[in-house]
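Chemist: The structure is given below, and queries will be raised subsequently.
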Amino acid sequence: MGYNFLHSDSITNAGGVGVYIHDTISYRLRTDIPNSLHSSESIWIEVTAHKKQYAFGVIYRHPNNNINAFTESLNETLRYLSDLKVPFFVCGDVNINLLHHKIALPMRNYISTCTSYGCLQLITNPTRITPSSCTLIDHIYKNFPTEKLTPGILINHLSDHLPVFVFIKSKPLQKWKSKKYTKHDYSKFDSETFLTKVQETLNQLQIDQTKPSESLDLGILCLNRYLKEQVPVKQLTKSKK
């Protein structure tokens, strides 16, 4: 299984946002949600989990731009989400240092706008640390009450920002099911017949020098088929475990 990658590119040579979504997760891109945030890129998706919809937004705000203009455009997006009456998460590198919110009016306006829509900031420690500063500029907000969230910060040196995350417990853990034990049944294995079939396959196999891996895969496929015929897998009874 793999991941689907959704992204919104920047018109500059920096920025842009992306989301990886596992193949097992049901989702759709929400292009109706306003994403024309000032000096920013954003992307919105809707995820369905256990018959319930959640909206997820990822934002990158370019630094050294007008915070008030960004807040005004964010207000439009949050108002739209509030009217939808769906639980949502907003996360990303916003480049607004929440550790300075007590002295900077634009930052206080930004926080006031988020909290007015019931948004709670889950990350409370610095996410970018340098020899001369500590800033909290990577945020995760959610607008619904729940105790099933575990937010945190990863400590690593992959970038100048510390990755932030939140674990979401979507359903109770299922009871552990008893393990089924199996074994190969060699009671009817005939080594001469097996080796003969393998030799016949090798003789008939046409190896393409330009695609050797495909020829190898075909040989392994035939080998596995012969093994299943000669030594089938059988489930053990409790008395034989």
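Chemist: Looking at segment 175-186 only, could you name the residues that are modelled with pLDDT under 65 and either under 22 Å from the mean Cα position of the chain (by Cα) or more than 30 Å from T146 (Cβ to Cβ) (or both)?
Modeler: S178, K179
Chemist: Only one of these conditions is not met by N95: (1) buried (at least 17 other Cβ atoms within 10 Å of the Cβ); (2) within 23 Å of the chain's Cα centre (by Cα); (3) at negative phi. Which number is it?
Modeler: With (1) buried (at least 17 other Cβ atoms within 10 Å of the Cβ); (2) within 23 Å of the chain's Cα centre (by Cα); (3) at negative phi applied to N95, the lone miss is (3).
Chemist: Just give me the residues in segment 105-137 being in contact with a Pro (Cβ under 8 Å, 6 or more places away or on another chain) and touching a residue at least 40 places away in the same chain (Cβ under 8 Å), in sequence order.
Modeler: The answer is L122, I123.
Chemist: On the basis of being assigned to a loop (DSSP other than H, G, I, E, B) and within 24 Å of V19 (Cα to Cα), does N125 make the cut?
Modeler: Considered against the rule, which asks whether it is assigned to a loop (DSSP other than H, G, I, E, B) and within 24 Å of V19 (Cα to Cα), N125 comes out as yes.
Chemist: Counting only residues that are out of contact with any strand residue (DSSP E or B) (no Cβ under 7 Å at 6 or more places or on another chain) and surrounded by fewer than 16 Cβ atoms within 10 Å (Cβ to Cβ), how many does segment 38-55 have?
Modeler: 4
Chemist: Please go through segment 8-28 and give me each residue that is surrounded by 10 or more Cβ atoms within 10 Å (Cβ to Cβ) and under 13 Å from the mean Cα position of the chain (by Cα), ordered by number.
Modeler: G18, V19, Y20, I21, H22, I25, S26, Y27
Chemist: Here is a check on your reading of the model: is T24 in the same structural domain as D138 (by TED's automatic domain parsing), free of Cβ contacts under 8 Å to residues at least 24 places away in the same chain and among the polar types (S, T, N, Q)?
Modeler: yes
Chemist: Could you please let me know if N97 is in contact (Cβ under 8 Å) with a residue 40 or more places away in the chain and among the polar types (S, T, N, Q)?
Modeler: Considered against the rule, which asks whether it is in contact (Cβ under 8 Å) with a residue 40 or more places away in the chain and among the polar types (S, T, N, Q), N97 comes out as yes.
Chemist: Something else about it: Only residues that are at positive phi and outside any loop (DSSP other than H, G, I, E, B): list them for segment 104-122, please.
Modeler: Once the filter is applied, which keeps residues that are at positive phi and outside any loop (DSSP other than H, G, I, E, B), segment 104-122 yields nothing.
Chemist: Please go through segment 22-43 and give me each residue that is within 16 Å of E72 (Cβ to Cβ) and in a strand (DSSP E or B), ordered by number.
Modeler: Across segment 22-43, the qualifying residues are S40, S42.
Chemist: When the residues of segment 44-103 are narrowed to those that are hydroxyl-bearing (S, T, Y) and not in a strand (DSSP E or B), which ends up nearest to I11 (Cα to Cα)?
Modeler: Here the residue is S73.
The values are calculated or read from the model by the stated rules, or taken from the named source; none is laboratory data. All of these numbers come straight from a predicted model, not from anything done at the bench. Please note: Cβ atoms are built from the backbone with ideal geometry, for glycine as well, and neighbour counts cover all protein chains shown.
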